[in-house]
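Structure first, commentary second.
The values are calculated or read from the model by the stated rules, or taken from the named source; none is laboratory data. Because the structure is predicted, anything quoted here is derived from the model rather than measured. Don't worry about glycine lacking a Cβ; one is built from the backbone with ideal geometry, like all the others, and counts go over all protein chains shown. Note: areas computed on protein heavy atoms with side chains; ligands, DNA, RNA excluded. Shrake-Rupley method; radii C 1.70, N 1.55, O 1.52, S 1.80 Å.
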Amino acid sequence: MQDMTLETMLAVFQEMFGPVLSWILVLAAVVITLLYLYVLVRDRSLSMRKFLMAQLSMPIGAIAAVLFVQAVTDSHFRDIGGPIDVIVLLGVALLGAIGLAILVYTAQSLIRRHP
């Protein structure tokens with residue numbers, strides 16, 4: 001991989017997860033992001049109670065993301081060979097944590113409008 005372009009990253013994403021699952025994940029991320037933006041515009045403020053619950057869900061999201069990637073790819077924890085593998089795994093955990101926090105906050109706001 002000479003250049004890190006959007007096309008290259010999409011190709012790697014599709015190679016890792018397969019074409020169907022990768023586009024389902026992209027679509028889910030777009031829908032959740034749009035719903036989150038809708039909630040922020042609609043409520044015009046953050047609810048600290050909902051924000052706390054979203055933050056408490058972050059470790060679950062990190063663990064779930066790492067286990068999900070391990071389940072759908074051919075790699076295992078025993079295959080971690082160097083610093084880049086650890087960095088990628090930590091990146092997956094970070095994105096899973098943030099993603100679940102956004103999902104939890106959005107779901108709480110859509111289910112119950114008032115704090």
Could you tell me what percent of the accessible area of the chain is made up of carbon and sulfur, with a 1.4 Å probe and every protein chain present? 74 percent
Would you please put 96-108, 27-39, 3-15 in order of how densely packed they are, using the mean number of other Cβ atoms within 10 angstrom per residue and starting with the highest? 96-108, 27-39, 3-15
Restricting to DSSP loop positions (anything but H, G, I, E, B) with no more than 16 other Cβ atoms inside 10 Å of their own Cβ, which trypsin sites (Lys or Arg not before Pro) remain in segment 1-79? 44
Using 0.36 nm times the number of residues separating residue 13 and residue 60, minus their current alpha carbon distance, what extension gain do you get? 14.6 nm
For every helix of n ≥ 4 consecutive DSSP H residues, a contribution of -39,500 (n - 2.57) applies; sum these over the chain, divide by its total residues, and give [θ] at 222 nm rounded to the nearest 500 deg cm²/dmol. -26500 deg cm²/dmol
Result for the chain: accessible area per residue, probe 1.4 angstrom, in square angstrom, of 72 Å²
